[in-house]
């Protein structure tokens, strides 16, 4: 399916890159920023997975998510919304929603905002969540200029919620959450 014989092409030395349809754009183009942020989120999730030796179910979810994020990057790297290319689907969003609901049923309701921390896994889940939020903002900026598959934005929005609830799950289902205490350090 995919074959990469040459990694160093020197094609980007002038500040341009190729999109999935072969067109060339500047490396700071909105589309490149959007799929670059998705790639960064995927890398952070890879680091998060290193902290999940005792959480095989969470790791299995993240493997699926990492594959989804590659699908999402493939979707974003081809301009337009033509269905003849790999596109993210609402089915992937629905799976995230189901996983999120299952995890959320195990954690108590929040009485305050949660600060990133508690456990190493939860901390990395929060980091991944913030990178996904940036990717979401980059996709919104791109959508203001070009057509984008709307399922891309829905997926990223669900994923940031998923990672938040996963962080609570990794904090012993909320028992180790670090909560915000407004004005505590005044």
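A short reminder: the numbers here are calculations on the coordinates, not readings from a lab. Keep in mind the model is a prediction, meaning the values are calculated, not measured. Here the Cβ positions follow ideal geometry from the backbone for every residue, glycine too, while neighbour counts run over all protein chains shown.
Can you tell me the 0 to 90 degree angle between the C-alpha axis of helix 30-49 and the longest principal axis of the chain, rounded to 10?
40
Go ahead and set up a Gaussian network model of the chain, Cα springs under 10 Å, then flag whichever of 132, 63, 32 fluctuates most.
The residue that fluctuates most here is 63.
Ratio of alpha-carbon Rg to the 2.2 N^0.38 Å globular estimate for the range 17-174, to two decimals, please.
Details: Rg = 16.0 Å, N = 158, 2.2 N^0.38 = 15.1 Å.
This ratio for the range 17-174 stands at 1.06.
Given a cut-off of under 8 Å on Cα pairs at least six residues apart, what relative contact order in percent is computed for the range 17-174?
For the range 17-174, the relative contact order is 33 percent.
Tell me the mean residue ellipticity at 222 nm calculated for the chain from its helices only (DSSP H runs of n ≥ 4, each -39500 (n - 2.57), averaged over every residue, nearest 500).
After summing the helix terms and dividing by residue count, I get -18500 deg cm²/dmol.
Springs between alpha-carbon atoms under 10 Å, Gaussian network over the chain: tell me which of 50, 142, 69 tops the mean-square fluctuations.
50
How long is the gain from residue 55 to residue 184 if the chain were fully straight, where each residue apart is worth 0.36 nm and the alpha carbon distance is subtracted?
Once the chain is fully extended between residue 55 and residue 184, it gains 43.1 nm.
With the crude spin-label approximation of a point 7 Å out along Cα→Cβ, what separation in nm comes out for residue 97 versus residue 25?
My value for the distance between the label points is 2.9 nm.
Sort 179, 17 so that the residue with the fewest other Cβ atoms within 10 Å of its own Cβ comes first and the one with the most comes last.
Fewest-to-most ranking of 179, 17: 179, 17.
Taking 0.36 nm per residue of separation and subtracting the Cα-Cα distance, what length does fully extending residue 106 through residue 147 add?
That works out to 10.9 nm of additional length.
Nearest 10 degrees is fine. How inclined is helix 150-170 to the longest principal axis of the chain, computing both from alpha carbons?
30
I want to verify a result. In a Gaussian network model of the chain, Cα cutoff 10 Å, which of these has the top mean-square fluctuation: 42, 67, 173?
In the Gaussian network model the winner is 67.
How big is the gap, in Å, between the Cα center of the range 94-136 and the Cα center of the range 34-71?
13
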